[in-house]
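The values are calculated or read from the model by the stated rules, or taken from the named source; none is laboratory data. Keep in mind the model is a prediction, meaning the values are calculated, not measured. Because the Cβ atoms are built from the backbone with ideal geometry, glycine has one as well, and the counts that use them run over all protein chains shown. Note: areas computed on protein heavy atoms with side chains; ligands, DNA, RNA excluded. Shrake-Rupley method; radii C 1.70, N 1.55, O 1.52, S 1.80 Å.
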Amino acid sequence: MNFNIDFMAHRHIATVLSGLFLVASVVAFVWLGVNRGLDFTGGVLVELAFEAPVDPVYVRTILAEDGYANAVVQSLGSETEVQVRMPPIAGIDQSNLGDNIRASLVEGIGAADLRRSEFVGPTVGEELTEKGGLALLVALGMVLLYIMLRFTGKFALGAVVALTHDVIVVVGLFCMFGWTFNLAELAALLAVIGYSLNDTIVVSDRIRENFRTIRRRKPVEIINISLNQMLGRTLVTSLTTLLVLLALLIAGGEQISGFATALTIGVVVGTYSSIYVAANLLLMLNITSEDLALPVKDGGEDTV
């Protein structure tokens, strides 16, 4: 299927949009911060099912009266089910904290069925935070090293900026909406890095190839031709991945919803950045065919 879409006609709008998203993401990260889950903070997570509908605000009030003032209470898609997240409390045996919370709510509200109770010690939480952050930095570092070896000059810069753009936007959205960020979401972020990198490299390779073979066209025209040539492949890859992620979001349950959400955002943003960040940046840097001309061999002529 042949496409003829003028992607670069909207590049200035895309630049403004990307800039707004990046600024909003950085502000959200600095001002609101990441809502780290129990994997990073330590503490207790308890899920309870009551016989009658309960108000999370009322549950929070009861817990505060019993000394659990920092509890975070959320509904689980049903009026009778709630999730309680409690950070570590000094001077209290953390392993019994889940049972104490259930006992407090049973006394204040009524019978409740304990569906889930997890405990993560503060020391383990700090260790996971450190190693998780280190894993993310190492992954980014290795990816940037690979990009510098795979591409040179303006293409390398475009790929690096696109990859950084995707990571910042995904993390920023988690900060804006207060979504819990656990190890599963960190794994999704690492997967987003790989997906975005692959998409950007495929598109950049085609642009580089066309710049070397198409000489009598303007740079914006060559980039548009390249993007249209890769559009079919991009749509098939992205839509196939999104169908799987949609199934996870619908049927995967609460445990995997954060992972699927992060990866869904990453796929959409990664596809967008391959077109309107990496390719757009090449035009901003005034890419020309001369920048990518193959070297002329001794005794021969450049026939491209």
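Out of the residues in region 236-264 that are of a type in the set (Val, Ile, Thr) and under 24 Å from residue 116 (Cα atoms), which is modelled with the highest pLDDT? This residue is 261.
Here region 117-149 is the region considered, the condition is being in contact with a Pro (Cβ under 9 Å, 6 or more places away or on another chain) and assigned to a helix (DSSP H, G or I), and the residue that is most open to solvent (accessible area, probe 1.4 Å) is 122. Only residues in region 214-241 that are acidic (Asp, Glu) count as the first member; pair them with residues that are modelled with pLDDT under 90 and crowded, with 18+ Cβ neighbours inside 10 Å, Cβ under 9 angstrom, at least 6 apart or cross-chain, and list the lot. Correct list of pairs: 221/8.
Between 38, 76, 17, the distinction of being surrounded by 13 or more Cβ atoms within 10 Å (Cβ to Cβ), under 17 Å from residue 113 (Cβ atoms) and under 24 Å from the mean Cα position of the chain (by Cα) belongs to 76 only.
For the criterion of being at pLDDT 85 or above and open to solvent by less than 10 Å² (accessible area, probe 1.4 Å), residue 232 fails. Residue by residue through region 96-116, note down the ones that are within 36 Å of the chain's Cα centre (by Cα) and either assigned to a helix (DSSP H, G or I) or closer than 11 Å to residue 62 by Cα (or both). Of everything in region 96-116, those that are within 36 Å of the chain's Cα centre (by Cα) and either assigned to a helix (DSSP H, G or I) or closer than 11 Å to residue 62 by Cα (or both) turn out to be 96, 97, 98, 99, 100, 101, 102, 105. Of all residues assigned to region 163-172, at least one qualifies as being out of contact with any helix residue (DSSP H, G or I) (no Cβ under 7 Å at 6 or more places or on another chain) and within 23 Å of residue 29 (Cα to Cα). For region 96-150, the set of residues classified as under 30 Å from residue 204 (Cβ atoms) and of a type in the set (Phe, Trp, Tyr) consists of 146 only. Quick one: would you say residue 185 is open to solvent by 30 Å² or more (accessible area, probe 1.4 Å) and part of a helix (DSSP H, G or I)? The answer is no for residue 185.
The residues in region 19-38 that are closer than 22 Å to residue 84 by Cβ and of a type in the set (S, T, N, Q) can be counted, and the count is 1. Taken over region 150-176, the criterion of being assigned to a helix (DSSP H, G or I) and more than 17 Å from residue 269 (Cα to Cα) is satisfied by 150, 153, 154, 155, 156, 157.
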